[in-house]
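The values are calculated or read from the model by the stated rules, or taken from the named source; none is laboratory data. Every value quoted in this text rests on a predicted model; they were computed, and no experiment measured them. Neighbour counts run over all protein chains shown; Cβ positions are idealised from the backbone, glycine included. Just so you know, the surface numbers come from the protein's heavy atoms only, side chains and all, with ligands and any DNA or RNA stripped out. Shrake-Rupley method; radii C 1.70, N 1.55, O 1.52, S 1.80 Å.
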Amino acid sequence: MPQLAPQLLASASIGQSVSSFFAAVGQFFADLESVHWGALALGLAFFGLNLTLRSRAFFNSLRAAYPASVIKWRRIWGAYFAAVGFNNVVPARGGDVIKLFLARSSIPGSSYPTVAAAFFVEAVFDVCVGVLVLIFAFTQGVFPKPPDFSKLNSFDISYLAAHFRFTLFLITVLAILALVTFAMLSVRARAFWTRMRQGLTILSDRPRYLREVASLQALGWLCRAAAFWFMLDAFRVGGSVTNVLLVFGVNQVAGAVPLTPGGAGVQQALLVKVFATSAPTAVVAAYSVGQQLAIAAFTALLGLGAVVFIFRFRSFKEVLHAGRASRDAEREAERAGVLLEDPY
């Protein structure tokens, strides 16, 4: 009987999280008339501009890695939006696989390790900004401290916070699996590490990195700030520098727990807590869900459009199947010592 207690508590927590989410969805649709649609449209436009700037930074990283190849930015833009759109409607960041495949298939003679390494070029700037954002958020007195995450009305983050030993065990297992995977790859193919370094080429040229990547990411963060400002106004929470930075902090935490599409559950629970004194709970709940639904619909439509009209696939599912087939073919080619060009 004692062994059933944690399971019952977990089930109750999941049920409570789901009920809270759908209650917020109901509140959002009930308050549709009070949404400032002009501000929402501007917010989505700035959010799209943010992703466009980031896709250009990713394009520049790939161009530095493959200076002799002809790379079309339109395809990299499409791969970027397809990934974000998929991640906002499906959990576990499967969109990253889509971006990897579509970007790789857009560069003749490229390899998956090099394209994957180019992903991490963005992380250098994002991690620095993310740390500053979290420091600001935790010093404002409204952001819950990590030990209090277990009290949030979101199963994914509250469960991990409440079961600290399990969380440490999970992180340790994931780290060991990552190390083992890299070790196996290095043993099987020394070329793997050469290709990984190739993807980070732009980092070795600091002026070029600052000009072609970091500067675009900085502009992207500003556009993202403008997007959240307008969305806060659209849902009557109130746009301000402080509120935007708090939303950034919420997104940083939600991004670390990708168990729901776009970290929706974590975002809702944290936003309600963070803005408890800024607006009525019903308004904040409607904002948390409304913002996520608007961004998810906007990016999913643009992402699906890119998949269909740029890459000529009929669905995200078809892209995933093609990506798996392409990765298997590359593994076979590596065993045979042949560099395979993607047919897509």
- Can you give the net charge of the other residues whose Cβ lies under 12 Å from the Cβ of ALA306, counting K and R as +1 and D and E as -1? +4
- Checked the range 28-144 against the a/c 1.5 cut and the a/b vs b/c comparison, axes a ≥ b ≥ c from its Cα gyration tensor; verdict prolate
- Exposure of VAL241 as accessible area (Å², to 10), given a probe of 1.4 Å and all protein chains: 90
- Item | Charge context of VAL121, other residues only, Cβ under 13 angstrom, K/R +1, D/E -1 | +2
- Note on the structure: Semi-axes (Å, rounded, descending) of the ellipsoid equivalent to the range 197-305 per its C-alpha gyration tensor are 30, 16, 14
- Taking R0 as 25 Å and r as the Cβ-Cβ distance between ASP96 and SER34, the FRET efficiency 1/(1 + (r/R0)^6), rounded to the nearest 0.05, comes to 0.10
- Item | Segments 270-281, 206-217, 295-306 sorted - mean Cβ within 10 Å per residue, highest first | 295-306, 270-281, 206-217
- Query: Per 10 Å bin, what percent of the C-alpha pairs of the range 203-260 does each bin hold, from zero upward?
  - Reply: 22, 35, 31, 12, 1
